[in-house]
Amino acid sequence: MAQAETLELGVEQGQMLLILTRHCQTMKRQETRLRLATALLLATFCATLVWIQFHQQNTTEAFSDAHQEDLTTTDSPTGHSVHLEPLRQMHACSEQQPIEWLEVDDGYDSQNFKLENHSVLHISTERLYLINLRISYRVAHGQCEPGTELTLVVNVTQQHRNYEKEREIISAKESMVCRDYWFQSITMNRAIRLEAGTNLRVRINQKSCMFFSWVKNSHLDVTYV
């Protein structure tokens, strides 16, 4: 009886040893697979980082080149803008008389801008333009009754063969109190698409002509963007 029990105990121990051995083998295989999976994951992660860095570098270089080209085009002294200043002081005017301008320099492309009769800026190319206008006023001594309220009106119009009449682009209306040596200015700007063959004019109201200042504080800048 004791021998039988001993035999059964030996068989059970053998089975347990076999199960333990198989478990250890399974754990080793799983550990190996886990290590392989981890290594593969790390390799994939590193490759992704390298690709992202390479892609960002190429994108940055491409953007830098494009930006540099855009700056070269935009900041070029020729072909992109015209700067005009008043030709003379206006002591009297009518509602239909536009301001006369003087070409300050030749740093613009004549194919896009042309000043005609000192008062009409001709636009030759259709595209988006940025119009920046500043009109300055100065009250001389004894020019008007002190305390009187004056009205300042400025209009920028465009004329084109497709329009029945001139169209207003920008308009401003402000008040100015009459005081000796008083200085005031009106600044306006707008981005607008203009057709080829458009003529631009700037007008001020008749009652403000005597206060119009022709010095460099007044100007008209037109830039295509």
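When the trypsin sites (Lys or Arg not before Pro) in the range 81-157 are filtered for DSSP coil states and for at most 14 other beta-carbon atoms within 10 Å of their beta-carbon, the remaining sites are 88. Each label point was placed 7 Å from the Cα along the Cα-to-Cβ direction; for residue 134 and residue 225 their separation is 1.8 nm. Amide H contacts under 5 Å for residue 102: 85, 87, restricted to partners 5 or more places along the chain or on a different chain, H placed in the peptide plane at 1.01 Å from N. Taking amide H positions as modeled 1.01 Å from N, with prolines and chain starts lacking one, the residues under 5 Å from residue 170 and 5 or more places away or on another chain are 156. Spin-label model, residue 187/residue 149: points 7 Å from Cα along the beta carbon direction are separated by 2.5 nm. Which value results for Rg/Rh of the range 155-225 when Rg is the Cα radius of gyration and Rh the Kirkwood radius based on the inverse mean 1/r? Ratio of gyration radius to Kirkwood radius: 1.02.
A straight chain from residue 120 to residue 196 at 0.36 nm per residue would run longer than the Cα-Cα distance by 25.9 nm.
Between 142, 102, 215, the Cα set farthest toward the positive side of the dipole of the range 81-224 (charges on each charged residue's Cβ, about the Cα centre) is that of 142.
FYI, it's all coordinate maths here, none of it is from the lab. Note that the structure is predicted; figures quoted are calculated from it, not measured. All Cβ positions, even for glycine, are placed from backbone atoms using ideal geometry, and neighbour counts span all protein chains on display.
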